[in-house]
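What follows draws every value from the coordinates through simple rules; no lab data is involved. The structure displayed is predicted, hence computed values, not measured ones. Backbone-built Cβ (ideal geometry, glycine too); neighbour counts: all protein chains shown.
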Amino acid sequence: MSVKTLTVNDRFISAREEETILEAAKDAGIHIPTLCYLEGVSEVGACRLCLVEIAGSNKLQPACVTKVVEGMEVSTNTPRLQQYRRTIVEMLFAEGNHICSVCVANGNCELQDLAIETGMTHVRLEYHFPDRQVDVSHDRFGIDRNRCILCTRCVRVCDEIEGAHTWDMAGRGTNSYVITDLDRPWGTSSTCTSCGKCVNACPTGALFYRGVSVGEMKRDRAKLDFLMTAREKKQWNV
Amino acid sequence: MERLKLATVWLGGCSGCHMSFLDLDEWLIDLSQVADLVYSPFIDVKEYPEGVDVVLVEGAIANEDHLETIKTVRSRSNILVSFGDCAVTGNVTALRNPLGSAEPVLQRCYLEAADIHPQIPTEPGIVPALLNRVQPVHQVVTVDVYLPGCPPSADRIRAVLESLLRGEKPQLAGREFIKFG
């Protein structure tokens, strides 16, 4: 294993050569905002919130899928990045129907947290108010696609940790939506094991336990952590 | 010091933001030492006056009356504060927007859900017609200050009013001040 040295926000840090900029920055205590990223499952670089500037390149790179390189000079919080991040969050709010005041995840939502972090006092774009579907056919869980930001965490956690691959994507662009099995009602799914990992992975209130009301939704991310540690390090830390 | 001319306006919202304003409790007495409330659901003034310094606008633009009112309010006020989530985002008032128009809501409420005498109320000049799409205030007129929250806490309202009283533009940031919901 070789070590790479690089600078992040003018600070010298060292990282293992297989690490991404996001992991290296995290180890060094430098915060980079993320949304589709979820520790323990693969990275997709879809949400673009972790974009960083790299000296010598005009192109912004997603920190979650960009490997560290010797001598790299990374900036994670320039005015340009701050502006882009706020715009990305505003686009997510404008594209769906995110109504914090009546959401199960109010106060426990990563999208809401990012709105605060990026200083979003209002959305400058026009809201789309799309017509999206809710599915509460499952006994224990529900999905409200109005609150879905298409991060695909549920798809990855179901495929990579549970091994069921109940979740998938359908449609294109802003008309994309997550589906269970071949777009059948969740309650009739023959692949879903009712494990609840998708509910714990969801960053917003799109996936929820049935019978939970406004602001009551709490996730148990430790469960995902436990499983990944058990799988990768063969340690069952109860 | 010249007394501040303060107004509050109630459009398409539940009045919860105004209730939160009342939660300012004894600070309202301090406020009354330096400001005059010149128009508000709390006082009996029929017409929105000219020369308002600061106005708090609660609620989204949901009907024709709101649309007309907000234009008058804008033209007669110096600083317009978008007051609460309905004004800032549309919030619960805009829950009907995905249905496409006002018609399905009226049908559901006044015909399908009616126990007796189902009819959609129409009284031109008295009952304002619903707009097909509910809009946040800043989509219709220029907004100077955004004060989110459902409702914004009394502390948030006070922070905004205090900085406006000092002649400064409020710079709201952080969970305590700009969290929606």
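Brief remarks follow.
- Straight-line cross-link reach from B:Lys46 at under 25 Å between alpha-carbon atoms covers these lysines, not counting any fewer than eight positions away in the same chain: B:Lys5, B:Lys71.
- Normalised by the number of residues in chain A, the average gap of Cα pairs under 8 Å and 6 or more apart makes the relative contact order 18 percent.
- The C-alpha atoms of chain B define a longest principal axis, and helix B:154-165 lies at about 60 degrees to it.
- Value of [θ]222 nm, deg cm²/dmol, for chain B, DSSP H segments ≥ 4, -39500 (n - 2.57) each, nearest 500: -7500 deg cm²/dmol
- Of all beta bridges that DSSP places with both ends in the protein assembly as shown, some 55 percent have antiparallel geometry.
- Extending 7 Å from the Cα toward the beta-carbon at both A:Ser194 and B:Lys46 defines two label points whose distance is 6.5 nm.
- Likely footprinting exposure, B:Asp85, B:Asp53, fewest C-beta neighbours within 10 Å first: B:Asp53, B:Asp85
- For the range A:191-228 versus the range A:13-76, the gap between their alpha-carbon centres in whole angstrom: 26
- Cβ-Cβ FRET estimate between A:Gln61 and A:Met169, R0 fixed at 25 Å, reported to 0.05: 0.55
- Cα gyration tensor category, rounded, prolate or oblate, for the protein assembly as shown with a/c compared to 1.5: oblate
- Residues B:Arg3 and B:Thr72, FRET efficiency given R0 of 35 Å [Cβ-Cβ distance, rounded to 0.05]: 0.95
- Those aspartates and glutamates that a straight Cα-Cα span of less than 20 Å connects to A:Lys223, excepting residues fewer than 8 apart in one chain: A:Glu39, A:Glu43, A:Glu110, A:Asp159, A:Glu160, A:Glu162, A:Glu232
- As a rough footprinting exposure proxy, the listed residues A:Asp168, B:Asp30 were ranked by other beta carbons within 10 Å of their own, and the order from fewest upward is B:Asp30, A:Asp168.
- Reducing the range B:69-100 and the range B:113-181 to their Cα centroids gives an inter-centroid distance of 5 Å.
- Based on C-alpha pairs under 8 angstrom that are at least 6 apart in sequence, the range A:84-223 has a relative contact order of 32 percent.
- Farthest towards the positive end of the charge dipole of the range A:84-223, among the residues A:Gly187, A:Cys100, A:Ala170, is the Cα of A:Cys100, using unit charges on the Cβ of Lys, Arg, Asp and Glu.
- Mean separation of Cα contacts under 8 Å (6+ apart) over length of the range A:3-76, as relative contact order %: 41
- Residue-averaged 222 nm ellipticity for chain A, from DSSP H runs of 4+ at -39500 (n - 2.57), nearest 500: -6000 deg cm²/dmol
- Cα-based helix-to-principal-axis angle, B:64-76 vs chain B, degrees rounded to 10: 20
- Pairwise centroid distance, computed over Cα atoms, of the range A:92-110 with the range B:47-67, Å: 27
- Loop-resident trypsin sites (Lys or Arg not before Pro) (DSSP state other than H, G, I, E or B) in the range B:120-181 with no more than 11 further Cβ atoms inside 10 Å of their Cβ: B:Arg166.
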